[in-house]
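Notes follow once the structure below has been shown.
The values are calculated or read from the model by the stated rules, or taken from the named source; none is laboratory data. The structure displayed is predicted, hence computed values, not measured ones. Cβ sites come from the backbone with ideal geometry, for glycine too, and all protein chains shown count toward neighbours.
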């Protein structure tokens, strides 16, 4: 039985709307600069959808960042933005909660932070829902993979005939195996999802865009949020009846220069321009640290974290260089460790310093 084509729709996941502290400022109107930038990406998606004749933008979970709660400054800014976008671009929003949106482990109306977004222009799907206009099935977060599979199987054995399922997209918030290199498999394989019989399957949760055989997609996060997103593909999708277009985020990426081992020197300005950059340098003076920072800022980096490592000792047994008063935190860590070790295993001091700096950076990121 032939089914008429649907309109294009926008698809966004892992927005993590939040008053971010790292690399953010408070704007004159009191709003957080990184939150405003994320909300701007939502409008960018909606504007493209409207220009193509579409009228729907779907959020596939993790709309908010702090699990089960949302700051008033974030909630009110989001409500205002969605209302403005709906009016300006004549689009509606469909939302499922992700794990970060939930107070508990399962999706319920009372325990979902995104319930607060419900309005005439926003439909929140805290239960499995079929959206007829854009022909999608929305499956919210389920904690255990075996329970999620049971919920998906129940959808497939419900009132949706086979021919309709073959023309319907499934959208969920769940960890697809193989999206992030090095992460253990959870049992939700691309092969399983491809075999469900849907036209396409889209999943939020992992912050990396990836397409698998069988029209299975990890949507990827709307933008890089922390250093853990280094190397991931962030952005949103425009879903057409016959194809899926990925749109790269226009927001800064998190870049660790230590991981770019094959980078040519002439590529450095192109890589750091407009991004948040982390670099490790051998330095014993504040001036050396600040010189490295300024060079990257001059290349266009939005912000720079310099992890200073002690220079190799001039001779065997020599202590690591001390620093002048007022040295940066990174160099102070080096001085402290060098001054307090017991005089043995001097060759391990640089390794301990590097590990300590990595911990400090990780703790700083966790503060968000």
Handout entry: Residues located in the stretch 33-50, provided they are closer than 18 Å to residue 276 by Cα and in contact with a helix residue (DSSP H, G or I) (Cβ under 7 Å, 6 or more places away or on another chain)
Key = 35
Completion exercise
Restricting attention to the stretch 1-32, the residues that are touching a helix residue (DSSP H, G or I) at 6+ places or on another chain (Cβ under 7 Å), within 30 Å of residue 167 (Cα to Cα), part of a loop (DSSP other than H, G, I, E, B) and modelled with pLDDT of 95 or more number exactly 2
Completion exercise
Note: among 92, 102, 117, just one is out of contact with any helix residue (DSSP H, G or I) (no Cβ under 7 Å at 6 or more places or on another chain) and closer than 28 Å to residue 46 by Cα, namely 102
Completion exercise
Those residues of the stretch 190-217 that are crowded, with 22+ Cβ neighbours inside 10 Å and either in a helix (DSSP H, G or I) or touching a helix residue (DSSP H, G or I) at 6+ places or on another chain (Cβ under 9 Å) (or both) come to a total of 8
Practice task
Could you tell me which of the residues 68, 53 is more than 17 Å from residue 40 (Cα to Cα) and either touching a helix residue (DSSP H, G or I) at 6+ places or on another chain (Cβ under 8 Å) or modelled with pLDDT under 95 (or both)?
Solution key: 68
Exercise for the section: Please verify whether the stretch 22-33 includes one or more residues that are touching a residue at least 60 places away in the same chain (Cβ under 8 Å) and more than 13 Å from residue 114 (Cα to Cα). Expected result: yes
Exercise for the section: Look through 196, 170, 183, 237 and report the one residue that is at pLDDT below 95 and in contact with a strand residue (DSSP E or B) (Cβ under 8 Å, 6 or more places away or on another chain). Expected result: 196
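Here is a yes/no grid of residues against (1) within 17 Å of the chain's Cα centre (by Cα); (2) more than 22 Å from residue 128 (Cα to Cα); (3) in the same structural domain as residue 223 (by TED's automatic domain parsing):
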position	(1), (2), (3)
13	yes, no, yes
27	no, yes, yes
35	yes, yes, yes
40	yes, yes, yes
73	no, yes, yes
89	no, yes, yes
